[in-house]
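Presented below is the structure to which this report refers.
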Amino acid sequence: MGKRLMSSALGRRAVFLDRDGVLNRARVVAGKPYPPETLDAFELLPGVVQACRDLHEAGFLLIVATNQPDVGRGTQDRAVVEAMHEELRRLLPLHAIEVCYDAGEPSDFLKPEPGMLLRAALEHQVDLSSSFMVGDRWKDVDCGRSAGCTTFFVDCGYAEHLRSMPDFTVSNLPEAAKLILLTNHPRI
């Protein structure tokens, strides 16, 4: 709780963004999303570049918060994931990328735990209560809610259920960005 109070007193606003399914196209197998396997398969979704530019120009810090447990499991090369993140940095006005490579072992940083958001809030002086989490899975919604952010669920039609209700359900990041930009109030 002390971390949340400290970050709240410092005042910068952020939009935390999940990666796969929000910024770039996820592979969907049997209704479940997976990250792209190669850099060649890494493709930004329509409207993402402009949505990020609009949020950045409005003064929001853009911070990616992504689980990449396949690296921890040994089924994905960390260098490939880092190359994808370099591509994101090249294409989008990101302030930071938080990554959790843990593979299921207890971790304060693997979503749905809020560790990545709490760490970023401390490092970048983010007021979590006036910030947003945009994600396409229940883990993102629960992470954002635990951190004290307003949550946006990008409904991609996956075969999984939400565990807690998001503040907003949208069809993509551009729709979430428009709603975020409509107000300066911390809780839309």
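Filtering Phe168, Phe132 for residues that are surrounded by 23 or more Cβ atoms within 10 Å (Cβ to Cβ) and of a type outside the set (Val, Ile, Thr) leaves a single hit, Phe132.
Checking the conditions here, which among Glu98, Glu105, Glu160, Glu113 is of a type in the set (Asp, Glu), assigned to a loop (DSSP other than H, G, I, E, B) and within 16 Å of the chain's Cα centre (by Cα)?
Glu113
Within region 66-80, which residues are surrounded by 13 or more Cβ atoms within 10 Å (Cβ to Cβ) and either closer than 17 Å to Pro33 by Cα or of a type in the set (S, T, N, Q) (or both)?
Within region 66-80, Thr66, Asn67, Gln68, Pro69, Asp70, Val71, Gln76 qualify.
Which is in contact with a Phe, Trp or Tyr (Cβ under 6 Å, 6 or more places away or on another chain) and either at negative phi or among the hydroxyl-bearing types (Ser, Thr, Tyr) (or both), of Cys100, Cys156, Cys143? Selected residue: Cys100, the only one of Cys100, Cys156, Cys143 that is in contact with a Phe, Trp or Tyr (Cβ under 6 Å, 6 or more places away or on another chain) and either at negative phi or among the hydroxyl-bearing types (Ser, Thr, Tyr) (or both). If only residues of region 20-58 that are among the charged types (D, E, K, R) and closer than 23 Å to Leu182 by Cα are counted, the one that is farthest from the chain's Cα centre (by Cα) is Glu57. Taken across region 29-47, residues that are basic (Lys, Arg), assigned to a strand (DSSP E or B) and surrounded by fewer than 17 Cβ atoms within 10 Å (Cβ to Cβ) do occur, with at least one present. Going residue by residue through region 72-88, is there one that turns out to be in contact with a helix residue (DSSP H, G or I) (Cβ under 8 Å, 6 or more places away or on another chain), without any contact (Cβ under 8 Å) to a residue 60 or more places away in the chain and under 21 Å from Gly144 (Cβ atoms)? No, the conditions are met nowhere in region 72-88. For the condition free of Cβ contacts under 8 Å to residues at least 24 places away in the same chain and not in a loop (DSSP other than H, G, I, E, B), Arg53 does not qualify.
In the set Gly148, Gly135, Gly157, only one residue is in contact with a Pro (Cβ under 9 Å, 6 or more places away or on another chain) and farther than 16 Å from Leu110 by Cβ; that residue is Gly148.
We did not get these values from a lab; they are worked out from the coordinates using the rules stated. Predicted model only: the values in this text are computed from it and were never measured. All Cβ positions, glycine included, derive from the backbone under ideal geometry; neighbour counts span all protein chains shown.
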